[in-house]
Structure formats: C-alpha cells, structure tokens
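For reference, the structure is listed below as structure tokens.
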Amino acid sequence: MKRRKFIKKSILSTLGITFVTGIYSWKIEPFWLEFVHKKMPIKNLPKHLQGKTLIQISDMHVGNRFDPNYITNSFKKAQKYNPDFVVYTGDYTTFESQEQYEQLREVLKNAVKGTFGTVAVLGNHDYGENWEDASVAATISKILNEANITVLRNEQKEINGLNFIGFDDYWGTNFFPENVMSKYNEHIANIALCHNPDACDEPVWNNYKGWILAGHTHGGQIKPPFLKSPFLPVKNKRYTTGEIDLYDGRTLYINRALGHIRQVRFNVRPEITIFKLETS
C-alpha cells in the first residue's frame, strides 16, 4: 500500500509540475520582456558618439497569432531609454495575408526611434510564403520607410558619424550583400545588420572588422536546463543567442526576439538589447 501511495503521489507531482511549466511557458515567459545591456566597442568611433546608446529590436512577428498590445507596450518601455540609434533586424510580421500590412502600420505608430536615426533590414518572414514573394518585401519596406525607419537592402547609410551596413535577408530573393560590402570602408565606424546569422559564414565580408547584429533564431524559444535548444533554424548551430566571437575581428550578437511565431518560451525570455557605444 505504501508503494502504491508513493507511486500515486509521484505521478500527481509530475503532472502538477508539467501543468505549471506548461502554463508558465505559454502565458508568462513569452511576454516577460528582458532589457539586455551590453557595451559595444567600435573601431574609429567619433568622440561625440562615445557613451551614446543603440537599441536593437528584432523579430516582432506582428500577425493574427499575436497580441499587438504586447509589442506596443514593449515599445513604450524602450522609448524611456531615449536611444540615440535604433536598429530593427527583421521579421516584422508573420505574413499570411494583406491584413498584416495594416496590423504593422498600427504597431509602428508607437515604434521606437533613435534621436539620431533609425534603420532596419528585412527577415525571411518579410518575404511572404516560402520566403519568395518580392512584392511582400517591397510593401513591408514601404511601410517601414513611411514610419521613418530606413530599410537597408544590401545598402549602407551613415548617420551622424556611424555607418550602418544592411544585408537583405539570407533566405529571401534579394540576398546580394556583395553589392554593399564591395564599398566597405575600414577607416570609418561601422555596424553590420543581417537578419539570419548564417550570413556570417558567406564569403562576402571583404575583411570586415566589427559588430554584426542579427536575430532570426529567437534563441530557440525553448532551452532545457544545461542543454542546447533543439529548435534552431540555422545551419551553424553555434549561432544561438547573445554575443559570439567569430575569431576574425567580427563580433556577432544574436537578439532573442521580441515576438514569436508560436506562443511558447522556456528559459529564453524575449529581448530588447541596449548597447552603449565606446571606442575600441
């Protein structure tokens, strides 16, 4: 009888823990935003930019499967940091229909903007079905530009002494980073933006030295304690989350994403990153 009671209690305890963990992963952690603070040493940084702030926001995934109020509230929290620069690194919608265009326009009414400037690159979900609809990418780019967020599609833009190099999406139809990297100037302060960190392994970098800001992985969204996440949509499984030294003068930072495609997170909280610029 004691053995039966022990087994019964064990089963009930296991079911209870599973239930609580499930509720937490579904209802709490997907909306438990973390502001991650990092120092960003940059070569050739002008003196007037030392100590300035840059915010990275990635993977909003506005759409029918997500609460836009969470995004709006997150933006309002980020605005309190009064960033000097803001960069967005792709996947603005989980695109299913043209309804997402209006949803995105509504969310962007509260978008975080930099005092000096705001730039963005596209992600794979910004290309619609199978990541191959160029018209979806063009419309989302237009919506972002209308919101005073400059979209860089294999282009670069200098803002107040800081040069932003933006790759179009690695899985999209317009991934031609050589168009911008052929113009890379090592004598100025640069930051590179690419949605999918697998782009770091392409032979297009032209001896670039500096930071690369990416998203795409969501940190896997689920990470069992002491184990690697089993859900990483990249070829290079080293590219999970956070700061990664590429051992060639480049430093990759992968943001864990503000939003999600499926409402589940465990041990991988959503993130907005706040970088403090300093001289390298």
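Tabulated data for the structure shown
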{"read-out": "The stretch 204-237 and the stretch 140-168: distance between their alpha carbon centers, rounded to Å", "value": "23"}
{"read-out": "All Cα pairs of the stretch 206-272, percent lying beyond 20 Å", "value": "29"}
{"read-out": "Amide hydrogen neighbours beyond the local backbone of Ala147, cut-off 5 Å, H modeled", "value": "none"}
{"read-out": "Cα long-axis angle, helix 68-79 against the chain (0 to 90 degrees, to the nearest 10)", "value": "50"}
{"read-out": "Charge context of Asn64, other residues only, Cβ under 13 angstrom, K/R +1, D/E -1", "value": "-2"}
{"read-out": "Within-14-Å neighbourhood charge of Ile28 [Cβ basis; K, R +1; D, E -1]", "value": "0"}
{"read-out": "Three semi-axes of the equivalent ellipsoid, the stretch 64-184, Cα gyration tensor, whole Å, largest first", "value": "22, 21, 10"}
{"read-out": "Three-way shape label, the chain, alpha-carbon gyration tensor, a/c 1.5", "value": "prolate"}
{"read-out": "Simple Cβ-charge dipole of the stretch 108-223, Lys/Arg +1 and Asp/Glu -1, about Cα centre, in debye nearest 20", "value": "540"}
{"read-out": "Cβ crowding within 10 Å averaged over residues, with 196-204, 123-131 ranked highest first", "value": "123-131, 196-204"}
{"read-out": "Electrostatic dipole magnitude of the chain [Cβ: Lys, Arg +1; Asp, Glu -1; Cα centre; debye, to 20]", "value": "2060"}
{"read-out": "Range of Cα positions in the stretch 133-224 per principal axis (Å), largest first", "value": "39, 38, 24"}
{"read-out": "DSSP-loop GluC sites (Glu not before Pro) across the stretch 193-280, with at most 14 other Cβ within 10 angstrom", "value": "none"}
{"read-out": "For the stretch 33-101 and the stretch 255-280, distance of Cα centres in Å", "value": "9"}
{"read-out": "More than 20 Å apart - percent of Cα-Cα pairs taken over the stretch 83-151", "value": "23"}
{"read-out": "Normalised convex hull volume, the stretch 163-280, alpha-carbon set, Å³ per residue", "value": "120"}
{"read-out": "Fraction of antiparallel bridges per DSSP, the stretch 138-223 only, in percent to nearest 5", "value": "40"}
{"read-out": "Sparse-neighbourhood loop sites, chymotrypsin sites (Phe, Trp or Tyr not before Pro) in the stretch 182-280 - DSSP loop, at most 15 other Cβ within 10 angstrom", "value": "Phe226, Phe231, Tyr247"}
{"read-out": "Net charge of neighbours whose Cβ lies under 13 Å from the Cβ of Val204, counting Lys and Arg as +1 and Asp and Glu as -1", "value": "-3"}
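Bear in mind that the values in this text are calculations on the coordinates, not laboratory data. Everything quoted here is computed from the prediction, not taken from an experiment. Every residue, glycine among them, receives a Cβ derived from its backbone with ideal geometry; neighbour counts consider all protein chains shown.
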